[in-house]
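The values are calculated or read from the model by the stated rules, or taken from the named source; none is laboratory data. Just so you know, these numbers come straight off a predicted model, no measurement behind them. Virtual Cβ from ideal backbone geometry, glycine too; neighbours counted across all protein chains shown.
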Amino acid sequence: MSYVGRSVPRVDARDKAAGRAMYAADLCDRRALTAKILHAEQAHALVKRIDAEKARAMDGVEAVFTCFDVPKNYFPTAGHPWSTEPEHQDVADRLLLTDHVRFWGDEIAVVVAQDELTAQKALREIEVEYEPLPFVLDVQKAMEPGAPQLHEAFPGNVLGHSSVRIGDYEAAIKEPGLIKVEGWYDTPTVQHCHIENHNCWAYMEGGRVVVVTSTQIPHIVRRIVGQALGIPWGRVRIIKPYIGGGFGNKQDALYEPLCAWLTTQLGGRPVRIECTREETFHCNRVRHAIRSHIISWVRPDGTFAARKLECWSNQGAYASHGHGIAAKGMNSFPQIYPCPNVECDAWTAFTNLPPAGAMRGYGIPQATFAGEAHIDDVAKALNMNPLELRRKIAMPKGYKDEFSKNVNWSDSFRACMEAGAKATDFERLYAEYAKPQTGNIRRGVGMALYWYNTGVWPISLESSSCRMVLNQDGSIQVQTGETEIGQGCDTVYAQMAADAVGVPFGSVHVVSSQDTDVTPYGSGAYASRQTYVGGFAIAKTGALLRERILDYAYKLTRMPVSNLDLVEGRIVRKPDGEALMDLAELATEALYSMEDSRHITAEATAQIKSNAYSFGCSYAEVEVDMKLCKVKVLRLMNVHDCGKLVNPKLAEAQVHGGMSMGLGYALSEKLLFDEKTGRPLNANLLDYKLLTFMDHPRMEALFCENAEPTSPFGTKALGEPPACPPAPAIRNAILQATGLAFNAIPITPEALFRAQEGGKAYV
């Protein structure tokens, strides 16, 4: 029996539903002191003086540390695997606390008290003297001569620049009869809004620092804490229990280094840091706001002669994940719609906004909005059905990217487009809504394609390790460093392990928590890598464990290994299918035998030097109330080729979650900042407009299963891609309904009002 491909229940469902699941805050030592951070109320400034004597004198305050007290060990925060090559390492631009404030909310001091209320009161007693400096919030203005400089090592505030050149753009645009289509497209700064705010607590044990934390990347955080404290990495232990979501925000080392340092200053006593929702909004990480400029030179038949992309990514105050987000988005441009003549440039620049890091999609939601809005603009200029245009120009079967070596093994784009068009009746509705609409209520349909890589090879290291243990009762214990963060990977890992070893699904226990002292290395949860990368390690380790089980079965049955099999937890003779013994019987004998005692375990590491394309599209139908300036999404469908579905129900849930994030991105979510001060204006869940359940339409998920040949289980990226196409699909539906081309999101009632008032979309 194969468990891969079946909708088995989540292995963590009962504990989470019953409230038994333990998160970092649940495990916190009751003796733990509480640390609260003093965040700067300046967008850009030097801290000249901090007077904390009143705070230190308060009853219940254990210590106050300022930016002048911490070690000057600069460290990176991004959740990337370490590189032994210095030029490939992340930018080390952070200190535990800083005297050079680079955004409103930067960390300048910390109070440690016996309880949270005392710590908060003490913060208000600290006096700070600043030397204000000029600041800049706009990414392009930050690159202008004379703009305020944030980091000496990066003149002109440019963190990174990359380019792509294919063919001869300048020669190609001279072709007679070409139509030029040009547009500027903007995507906003947003926050992840995961349920569990970031929190961690630290203590010392045996001269080592232990941090219990809500993180996606425990092994990477271990290294970063060591760097920040200037201690050997082996003196750091990171424990990651259940985590209440992350979406990339927790793919950074946020406050673990500070928490770890505090315990070293307080005799190893436990210290906890728990972010408020307001701190999570503007003091953790945000999604990069990206401005894109696209020019397409297109023939009347819809084929491209030449294309140009320029994009500017707003990094905020610190490097975090840096230029990788803009670079990934840029690299999708020449691939999704191949063209013989392309020029692409991407810049990432520092500004005095909160640091931007990883967020679900890692640059592709921004690139997809710009690119797919532009494709509909091209279709409109040609008076062509946007579906027909995409059929003609989308990446063909057999396409190969020379850099990643990714191959489009099947005609996935067109398979997904056709499945979605049929399910939504797109072509009939498009023709119907294309007729002149003059009433108050107008309708339209739109679509968008998306493209996604799986994992980070060849940009960065991809490796994963797995350990399996045969228990005395014949059950299997599985450990991996690839973290469960709510997406259901423990369940699919159990399914994979069951098939790889040959045991019932119910006999597999995946250890959900990670402990860097005992858990084999894994980079963590990011880049939609879980089933693809982790699958290699599970398949390799499962085969090794299976081999050792059958070798011991030979001792007990006297049957050659070539004639034995392990099926559903039973040792089976291959020629006639006869069950010779249960795995539980073998396991007990192996452990306790007086003649040949064996502890049957297996551990293996897989380095993955491949990648895989994930494809799909979204279809949207909208209703626009022109007088109320309100957009109602009537229907939203995602069609996805993510390879073979390990668990169809979990896959559908992942898609629905991504679609929901895409809806908010399209219609309501945007972090706002005071242009005069740099202060965040809506850093709370009252003023920041997340969509509610009532704002969601009927969401549907379809799959085109084309097993990925480079994957041991046929899988490829699933979790992030569905968040990428809803925004442009909705934008394109609004375009058909109203004739207004919105080139900036979110498309709020205010934006719709201004568009109608001015006769064009407000940007």
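Considering each residue of the range 142-166, count those that are exposed (fewer than 14 other Cβ atoms within 10 Å of the Cβ) and farther than 18 Å from residue 319 by Cβ, and give that number.
So the answer is 5.
Checking the conditions here, which among 568, 603 is on the phi > 0 side of the Ramachandran plot and at pLDDT 95 or above?
None of the other options fit; the residue is 568.
Kindly indicate whether any position in the range 400-410 is assigned to a helix (DSSP H, G or I) and under 19 Å from residue 703 (Cβ atoms).
No.
Residues in the range 536-553: is at least one over 30 Å from residue 439 (Cα atoms), part of a loop (DSSP other than H, G, I, E, B) and not basic (Lys, Arg)?
No, the conditions are met nowhere in the range 536-553.
Just to verify a result, which residue in the range 140-193, among those that are among the basic types (Lys, Arg) and over 29 Å from the mean Cα position of the chain (by Cα), is nearest to residue 280 (Cα to Cα)?
Result: 180.
Kindly indicate which of 325, 295, 238 is hydrophobic (A, V, I, L, M, F, W, C), part of a strand (DSSP E or B), at pLDDT 95 or above and buried (at least 24 other Cβ atoms within 10 Å of the Cβ).
Among 325, 295, 238, only 238 is hydrophobic (A, V, I, L, M, F, W, C), part of a strand (DSSP E or B), at pLDDT 95 or above and buried (at least 24 other Cβ atoms within 10 Å of the Cβ).
I'm trying to understand the selection: among the residues of the range 34-48, which are more than 31 Å from the chain's Cα centre (by Cα) and surrounded by fewer than 23 Cβ atoms within 10 Å (Cβ to Cβ)?
Passing the criteria: 46, 47, 48.
Cβ-Cβ below 7 Å, separation at least six or inter-chain, first residue in the range 414-441 and within 25 Å of residue 337 (Cα to Cα) and in contact (Cβ under 8 Å) with a residue 60 or more places away in the chain, second in a loop (DSSP other than H, G, I, E, B) and polar (S, T, N, Q): which pairs?
430/385
Kindly list the number of the only condition in (1) of a type outside the set (Val, Ile, Thr); (2) under 24 Å from residue 277 (Cα atoms); (3) assigned to a loop (DSSP other than H, G, I, E, B); (4) touching a residue at least 60 places away in the same chain (Cβ under 8 Å) that fails for residue 658.
For residue 658, the failing item is (3).
Looking at residue 709, is it within 30 Å of residue 538 (Cα to Cα), surrounded by fewer than 22 Cβ atoms within 10 Å (Cβ to Cβ) and in contact (Cβ under 8 Å) with a residue 40 or more places away in the chain?
Against the criterion (within 30 Å of residue 538 (Cα to Cα), surrounded by fewer than 22 Cβ atoms within 10 Å (Cβ to Cβ) and in contact (Cβ under 8 Å) with a residue 40 or more places away in the chain), residue 709 qualifies.
Starting from residues that are closer than 27 Å to residue 362 by Cα and small (Gly, Ala, Ser), keep the ones in the range 241-294 and report whichever is nearest to the chain's Cα centre (by Cα).
248
Among the residues of the range 646-672, which ones are within 21 Å of residue 623 (Cα to Cα) and out of contact with any strand residue (DSSP E or B) (no Cβ under 7 Å at 6 or more places or on another chain)?
If the condition is that a residue be within 21 Å of residue 623 (Cα to Cα) and out of contact with any strand residue (DSSP E or B) (no Cβ under 7 Å at 6 or more places or on another chain), then 660, 661, 662, 664, 665, 666, 668, 669 are the ones that fit.
Tell me, please, whether a residue that is among the aromatic types (Phe, Trp, Tyr) and under 16 Å from the mean Cα position of the chain (by Cα) can be found in the range 672-681.
Checked against the condition, which is being among the aromatic types (Phe, Trp, Tyr) and under 16 Å from the mean Cα position of the chain (by Cα), the range 672-681 yields no hits at all.
If we keep just the residues of the range 490-536 that are of a type outside the set (Val, Ile, Thr), buried (at least 23 other Cβ atoms within 10 Å of the Cβ) and without any contact (Cβ under 8 Å) to a residue 60 or more places away in the chain, which is nearest to residue 475 (Cα to Cα)?
Looking at the filtered set, the residue picked out is 497.
Please verify whether residue 354 is farther than 29 Å from residue 171 by Cα, under 23 Å from the mean Cα position of the chain (by Cα) and part of a helix (DSSP H, G or I), treating the condition exactly as stated.
The answer is no for residue 354.
What number of residues within the range 185-207 are closer than 25 Å to residue 464 by Cβ and either part of a strand (DSSP E or B) or modelled with pLDDT under 95 (or both)?
Matching residues across the range 185-207 total 1.
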